[in-house]
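**Q** Sharing a structure below in structure tokens format, with a few things to ask.
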């Protein structure tokens, strides 16, 4: 195995669920730590800007970004799966699992066009399938994370 310490599955799932633009996630394979950095912090590390130019709360992340950029031993692994995770596709699959044909049709209609996600969320609440959706989504994300970790020889702690 590549790492010394397993990574918490919930930490990785949480990173994917957040999906914040302009953030990047890395795994420290030695410690199992999941690190999320903003584009600005990575840029500051790349440009070697003085830490004093940044607020105290951001300096730790910039130092981590420097460690990641300078990593020659392959300790840090990029876990930014933004392109591997497609919530719209998962929504479509979820709708297909619903037994009630009327609800399925209504939700399929809801996810067409602009504001599809908002209409979908309103629809699942209205039909009382929101808890079912969140369980389904989490299980799909877990499958994605577990497969990714297997491909990259990362041990998972459940």
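Values in this text are rule-based calculations from the coordinates and carry no lab data. Computed from a prediction, not measured in an experiment: that's the story for all the values here. Positions of Cβ are generated from backbone atoms using ideal geometry, with glycine treated the same way; all protein chains shown enter the neighbour counts.
**Q** I need the calculated FRET efficiency for the pair residue 84 and residue 126, taking r as the beta carbon distance and R₀ as 30 Å, to the nearest 0.05. Write out the running numbers ahead of the final one.
**A** Details: r = 31 Å, r/R0 = 1.02.
Computed FRET efficiency for residue 84 and residue 126 comes out at 0.45.
**Q** Now, a different point. Give me the percent relative contact order of the chain, please, defined on Cα pairs under 8 angstrom at least 6 residues apart.
**A** Working: 160 pairs, mean separation 52.5, N = 158.
Normalised by residue count, the contact order of the chain is 33 percent.
**Q** Quick one: pull the percentage of alpha-carbon pairs in the chain with a separation above 20 Å.
**A** Working: 7329 of 12403 pairs.
I get 59 percent for the Cα pairs in the chain exceeding 20 Å.
**Q** Using only alpha carbon positions, build the gyration tensor of the range 1-94, then give the equivalent ellipsoid semi-axes as the square roots of 5 times its eigenvalues, largest first, whole angstrom. Write down the numbers at each step before the final one.
**A** On the way: eigenvalues 134, 64, 23 Å².
Each semi-axis is √(5λ); the values are 26, 18, 11 Å.
**Q** Also, I was wondering about something else. Take every Cα pair under 8 Å in the range 20-81 that's 6+ residues apart, average their separations, divide by the length, and report that relative contact order as a whole percent. Mind showing how you got there, number by number?
**A** Details: 64 pairs, mean separation 27.4, N = 62.
Averaging sequence separation for qualifying contacts and normalising by length gives 44 percent for the range 20-81.
**Q** Right, something else. Evaluate the distance, in nm, between pseudo-label points positioned 7 Å from the Cα of residue 21 and of residue 47 along their respective Cα→Cβ axes.
**A** Result for the modelled spin labels: 2.0 nm.
**Q** Here's another thing I want to ask about it. If one takes the longest principal axis of the Cα atoms in the chain, at what angle in degrees, from 0 to 90 and to the nearest 10, does the Cα axis of helix 87-97 lie?
**A** That helix lies at roughly 30 degrees to the long axis.
**Q** Additional query: Largest first and to the nearest Å, give the Cα extent of the range 87-146 along each principal axis.
**A** 33, 25, 16
**Q** Still on this structure: Please give the residues of the range 72-116, grouped as numeric ranges, whose backbone N is less than 18 Å from a label point set 7 Å along the Cα-to-Cβ vector of residue 153.
**A** 72-79
**Q** So how do 148, 133, 57 line up by other beta-carbon neighbours within 10 Å, fewest first? Mind showing how you got there, number by number?
**A** On the way: 148 18, 133 22, 57 7.
Ascending number of Cβ neighbours within 10 Å: 57, 148, 133.
**Q** Continuing with the same structure: Counting other C-beta atoms within 10 Å, which of 41, 147 has the fewest, and how do the rest follow? Write out the running numbers ahead of the final one.
**A** Numbers: 41 22, 147 11.
Result, fewest neighbours first: 147, 41.
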